[in-house]
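K.L.:
Would you mind keeping the following structure in view while I ask a few things?
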Amino acid sequence: MSGKPAIHTLKDIPTILMPSIDDMVGTEGVYIVHLDACLSHARHYVGWAKDIYERIQSHLLQTGARILAAAVREGITMQATRIWPGADRLFERNLKRGGNVAMHCPLCADEYRVRRRDEMRCRRVRERGCEDGERTRNNRGADASTHTGTGGAGVG
Ligand SMILES: [Zn+2]
């Protein structure tokens, strides 16, 4: 019949919202990183990793995805807000291709309808940079250490 089970859709696969470090250490799968301010065109990053925790750490150390390295340099705090343990690269691709990652981010989903305006604004400022991000970043500066799930202390 159909060989290995294909895990393609959001509904087919268990997910963890606001994962703890324990949830991520040694966990293979797909993850969403939520940026606390928008960076050029994005407020979320979707990735796949063999070890999500390791991968998040490398993002924070600026040795992972370029866009997240840029975010770290800009002083934008970030955290993994959702993971799908066991999800594969095809799932990652589908999630990216579906757009509207904010809809799947627990920090954004509840206010998705409202926040969609922010996302649109992020898109609009794509060319001239994210002025909104500047303001948010400064506001968030004080509680940057409170974000969980990514071992924030290591941002250094
Ligand atoms: Zn979000």
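Computed from the coordinates by the stated procedures, all read-outs in this text should not be read as laboratory data. Just so you know, these numbers come straight off a predicted model, no measurement behind them. We place every Cβ from the backbone using ideal geometry, glycine too, and count neighbours over all the protein chains shown.
K.L.:
What residues qualify as long-range amide H neighbours of His44, i.e. H under 5 Å apart, gap of 5 or more or another chain, H built at 1.01 Å from N?
P.N.:
Leu35
K.L.:
Another question, if that's okay. Summing +1 for each Lys or Arg and -1 for each Asp or Glu, what net charge is found among the other residues whose Cβ lies under 13 Å from the Cβ of Tyr45?
P.N.:
Combined, the nearby Lys, Arg, Asp and Glu give +3.
K.L.:
Under a Cβ-Cβ cut-off of 10 Å, what is the net charge of the residues other than Val25 that fall near it, where Lys and Arg count +1 and Asp and Glu count -1?
P.N.:
-4
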